[in-house]
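K.L.:
Please find one structure pasted underneath; my questions will follow.
The values are calculated or read from the model by the stated rules, or taken from the named source; none is laboratory data. In this text the structure is predicted, and so the values were computed from the model without any measurement. FYI the Cβ positions are ideal-geometry reconstructions off the backbone, even for glycines, and counts take in every protein chain you see. Calculation scope for accessible area: heavy atoms of the full protein, side chains included, ligands and nucleic acids excluded. Shrake-Rupley method; radii C 1.70, N 1.55, O 1.52, S 1.80 Å.
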Amino acid sequence: MANKTETQALELAEATAESLGVYIVDVSYTNGILCYYIDREGGVGIDECEAFSRAVEVVLDREDIIANEYSLEVSSPGVDRKLKKEREFLYYIGREVDVKLYAPKNGVKEFSGTLKAYKDKTATVEYDGENIEIPLKEAVHIRLKFDF
């Protein structure tokens, strides 16, 4: 569950992200570090992260939601990031994912498939022509599939 600062930081930055053509995948605020994870179709690089950082910094300074001194970081989600939050799952519906389960389900413990849906902390992944419902608590990880 997001804390109040994360929720406010997300709400304040949504319009900025949209204007720059990026999507905020996640926001975290821990130990005085506010970090935005952004993405867009085709991925983001240093230029997109820098542009978003500069633009959102203006909004954060104006709204002054963090009373203490803090550091602002902007990053891509990264290729090995586990999907954790509902907004991530919903954003990546239709994408290929790698799944690793604690215990086998339908005879498999590790597989790749297409993320089809997400609801009530349960991801639906199409694998071998069948939709498999995966409660997050049963998954070691569900992450975007990347072929190198």
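K.L.:
How many residues are touching a Lys or Arg at 6+ places or on another chain (Cβ under 6 Å), within 18 Å of Arg81 (Cβ to Cβ) and among the β-branched types (Val, Ile, Thr) when one looks only at the stretch 106-148?
P.N.:
The number of residues fulfilling the criteria is 1.
K.L.:
Any chance the stretch 31-52 includes a residue that's over 16 Å from the mean Cα position of the chain (by Cα) and among the hydroxyl-bearing types (Ser, Thr, Tyr)?
P.N.:
No, that holds for no residue.
K.L.:
Additional query: Could you grab the pairs with beta carbons closer than 7 Å, sequence gap of 6+ or different chains, first residue in the stretch 43-72 and among the charged types (D, E, K, R), second one outside any helix (DSSP H, G or I) and open to solvent by less than 40 Å² (accessible area, probe 1.4 Å)?
P.N.:
What qualifies is Glu48/Val22; Glu48/Ile38; Glu69/Gly32.
K.L.:
State yes or no: is Leu115 open to solvent by 70 Å² or more (accessible area, probe 1.4 Å), within 21 Å of Gly78 (Cα to Cα) and of a type in the set (A, V, I, L, M, F, W, C)?
P.N.:
no
K.L.:
Could you pull out the residue among Glu63, Glu73, Glu69 that is under 30 Å from Asn31 (Cβ atoms), modelled with pLDDT of 95 or more, of a type outside the set (S, T, N, Q) and surrounded by fewer than 17 Cβ atoms within 10 Å (Cβ to Cβ)?
P.N.:
Within the list Glu63, Glu73, Glu69, the selection yields Glu73.
K.L.:
Can you report the number of residues in the stretch 118-148 which are hydrophobic (A, V, I, L, M, F, W, C), open to solvent by 30 Å² or more (accessible area, probe 1.4 Å) and out of contact with any Ser or Thr (no Cβ under 8 Å at 6 or more places or on another chain)?
P.N.:
3
K.L.:
Being touching a residue at least 12 places away in the same chain (Cβ under 8 Å) and of a type in the set (D, E, K, R) is the filter here; which residues of the stretch 99-148 pass it?
P.N.:
Lys100, Lys105, Glu110, Lys116, Lys121, Glu126, Asp128, Glu130, Lys137, Glu138, Arg143, Lys145
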